[in-house]
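*Asks:* There's a structure below that I have some questions on.
What follows draws every value from the coordinates through simple rules; no lab data is involved. Keep in mind that this is a model prediction, so the values were computed, not measured. Glycine also receives a Cβ, built like all others from the backbone with ideal geometry; neighbour counts cover every protein chain displayed.
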Amino acid sequence: MGAVILLSLLFIILIMLIVMTYYLRSVKLQQDNMEVPTENSQTEKSKENVLSSQTFIYTAIVLTSVGIIVSFYMMVRGTIWEGHLMEWLNIVVRLMHITFGIAWIGASFYFVFLENALNRTSGVREELAGNLWAVHGGGFYYLEKYKVAPQAIPKHLHWFKYEAYFTWLSGFCLLFVVYYFNASALLIDKNILDITPLQGVGIGIGSFVVCWILYDILCKSALGKKGIWFTLTGFLIAVGFAYFYSHVFSARAAYIHFGAMLGSIMVANVFFVIIPSQKAMVKAARDGNPLNPQLGKNAGLRSLHNNYFTLPVLFVMISNHFPSTFGNEYPWLILALITLGTAGVKHYLNLKEKGQLSVWVMPVSIVILLAAAFISAPEKPGACKSEVSFAEVNAIVQQRCVSCHSSKPTDEVYTAAPNGVMYDTPDEIVKKKDMIMQRVVVTKTMPQNNKTNITQKERDLMRCWIEQGASLK
Ligand code: HEC
């Protein structure tokens, strides 16, 4: 009952806040349309006031929405709708995460492309570093890049930062929705390390802070200027993290944490280095002070690092669909190889955009990726005994699977059959035999985190039964 009252209250507040944003928008429009466009300090001041109230109200809207979700959660907790609420949170937050991520990485790719593809030679004015003609979406575009800064900094300057911040924020929320709220199910694998949910969440979040500090120290150290040594050390540290995660979390969670770690470094680069450098540059240019060229260089280097992180991070974000990668006996090794290989591919693309010919980067990257595919290939199966009966297989399924995969699961976490997969009747088992082969035999990602302690012998029996035609005899 209390939750319902709270919920109604929050809804009313939300509606009021939304009405207020429209009101402030109309005030701002009026100010913008004022007849005398003189830079009167009083109107400037009131404009600023409107802007800061607007920011305040947006923040309040976000907080109220979070409050609404939390009270919803309180209402449905312990009912069958709890899972449904989590699923929809997952959908919404994931969609936001992907959308912001595409905007961010798209901008990152675009600007690295610009930098690489600039015409720096023919007919470039003295103050320019280069220019570029492009045609897109039915229009012609002409861009110029300044060597340092223009004579006067224009009033309306586009910054590219919220894409990055929102990608990280939504990713962080997703980490909570999928892994942290349900830590005992997806984050922790007691066969790997027996930790409490709170410890798991603490280690996860703490690791992001530690990795950023390490990376930042590395960038500022003498190694930071030595391209190849920096890359090597950085890569080894990353592999160390992959190894660490895969010895602390379940394999899937280990992969996601590796990606979240790289993603956190990327956002921290934007937040702590790139944007502050740019702000200092804009300020110096506005004040007419000489520009410290180091600022631009620092920002450029961090943004280049981010560019190399993108493909490895993108792989991790889709890795959940590929149990043959995280389900491997050495998940961190596969991850390290794919990280190296995809970063290599990015390197090749960057070189190509600059018009440089590189003979070995692409082939080596492909060989590394092929090595990952080779190592993760399933082992050659052992011999089967003449005929495995359905009774034997059914006994295994009843013992190892139906605690989750049933119309009435007994598992404490999965109170509804995961993905709707049930093994209550022989028919249901036979129908799903290919998926069973994939998840139980080939990738060994079922039973989940091997919670029900299936043995290799039992996996072999299931394989033999399926290979022999999965008959009900
Ligand atoms: C601890 C609970 C649990 C146990 C025990 C378990 N599973 Fe699962 N299973 C899940 C969850 C959760 C998912 C969905 C997430 C995923 O695909 O990893 C799933 C997904 C699957 C899928 C993929 C379904 C799809 O639509 O992609 C198959 C196949 C599967 N399980 C088979 C089995 C078999 C066979 C066993 C017994 C040997 C088993 N599972 C034991 C929890 C469990």
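*Asks:* Between the stretch 415-451 and the stretch 38-85, how many Å separate their Cα centres?
*Replies:* Result: 43 Å between the Cα centres.
*Asks:* Kindly identify the stretch 160-377 as rounded, prolate or oblate by the Cα gyration tensor criterion: order the square roots of the eigenvalues as a ≥ b ≥ c, call it rounded if a/c is under 1.5, otherwise compare a/b with b/c, prolate if a/b is larger, else oblate. Can you show the working numbers first?
*Replies:* Numbers: a/c = 2.23, a/b = 1.35, b/c = 1.65.
In terms of gyration-tensor shape, oblate.
*Asks:* Suppose the chain between Met74 and Lys161 were pulled fully straight at 0.36 nm per residue; how much longer would it get relative to their current alpha carbon spacing?
*Replies:* Details: separation 87, 0.36 × 87 = 31.32 nm, distance 3.46 nm.
This chain segment gains 27.9 nm when fully extended.
*Asks:* Let's test the formula: R0 of 45 Å, r as the Cβ-Cβ distance of Met86 and Ile237. What FRET efficiency results, to the nearest 0.05?
*Replies:* The formula returns an efficiency of 0.85 here.
*Asks:* I would also like to ask the following. If we count other beta carbons within 10 Å of each Cβ, what is the order of Cys464, Cys404, fewest first?
*Replies:* On the way: Cys464 20, Cys404 24.
Ascending number of Cβ neighbours within 10 Å: Cys464, Cys404.
*Asks:* Cα convex hull of the stretch 390-467: mean projected area in nm², to one decimal? Walk me through the numbers on the way to the answer.
*Replies:* Values: hull surface 18.3 nm².
For the stretch 390-467, averaging the hull's shadow over all directions gives 4.6 nm².
*Asks:* Moving on. Name the residues of the stretch 53-71 whose amide N is less than 18 Å from a point 7 angstrom out from the Cα of Asn33 along the C-beta direction?
*Replies:* Inside the label zone: nothing.
*Asks:* Would you please classify the overall shape of the chain from the alpha carbon gyration tensor, given that a ≥ b ≥ c denote the square roots of the eigenvalues, rounded means a/c under 1.5, and beyond that prolate means a/b larger than b/c while oblate covers the rest?
*Replies:* Details: a/c = 2.59, a/b = 1.48, b/c = 1.75.
Here the chain falls in the oblate category.
*Asks:* Let me ask something else. I'd like the isolated cysteines in the chain, meaning no second cysteine's beta-carbon lies under 4.7 angstrom from theirs.
*Replies:* Here Cys173, Cys211, Cys219, Cys401, Cys404 come out as lacking a disulfide-compatible partner, given the Cβ-Cβ threshold of under 4.7 Å.
*Asks:* Then there is this: Dipole of the chain (Lys/Arg Cβ +1, Asp/Glu Cβ -1, origin at the Cα centre): which of Leu218, Ile98, Thr443 lies farthest to the positive side?
*Replies:* Checked the options; the winner is Leu218.
*Asks:* Test of understanding: given the chain, find the longest segment containing no chymotrypsin sites (Phe, Trp or Tyr not before Pro) that are in a DSSP loop and have at most 13 other Cβ atoms within 10 Å. Could you put the intermediate results ahead of the total?
*Replies:* On the way: sites that count: Trp159, Trp360.
With chymotrypsin sites (Phe, Trp or Tyr not before Pro) excluded where exposed in loops, the chain gives 160-359 as its longest stretch.
*Asks:* Compute the acute angle (0 to 90°) between the alpha-carbon long axis of helix 456-467 and the principal axis of greatest extent of the alpha-carbon atoms of the chain; round to the nearest 10°.
*Replies:* Compared with the principal axis, the helix lies near 80 degrees.
*Asks:* Would you work out the relative contact order for the chain, in percent, from Cα pairs under 8 angstrom that are 6 or more residues apart?
*Replies:* Numbers: 472 pairs, mean separation 51.4, N = 473.
Here the relative contact order equals 11 percent.
*Asks:* Turning to a different aspect of this structure: For a quick check: sort Thr121, Thr55 by the number of other beta carbons within 10 angstrom, fewest at the front. Before the final figure, lay out each step's value.
*Replies:* On the way: Thr121 7, Thr55 10.
Result, fewest neighbours first: Thr121, Thr55.
*Asks:* Hey, what number do you get for the chain at 222 nm if only DSSP H runs of n ≥ 4 count, each worth -39500 (n - 2.57), divided across all residues, to the nearest 500?
*Replies:* Working: 16 runs with 295 residues, N = 473.
Mean residue ellipticity at 222 nm (helix-derived): -21000 deg cm²/dmol.
*Asks:* Next question. For His136, His405, His156, His305, what ranking results if the residue with the fewest other Cβ atoms within 10 Å of its Cβ goes first?
*Replies:* Working: His136 7, His405 24, His156 4, His305 19.
The order, fewest Cβ neighbours first, is His156, His136, His305, His405.
*Asks:* Any chance you could give the angle, 0 to 90 degrees and rounded to 10, that helix 81-117 forms with the longest Cα principal axis of the chain?
*Replies:* Once rounded, the angle reads 50 degrees.
*Asks:* Okay, next question. What residues qualify as long-range amide H neighbours of Leu128, i.e. H under 5 Å apart, gap of 5 or more or another chain, H built at 1.01 Å from N?
*Replies:* Excluding prolines and chain starts, which carry no amide H, the hits are Lys147.
*Asks:* If you fit an axis through the alpha-carbon atoms of helix 275-287 and take the longest principal axis of the Cα set of the chain, what angle between them do you get, 0 to 90°, nearest 10?
*Replies:* Relative to the chain, helix 275-287 is tipped by roughly 0 degrees.
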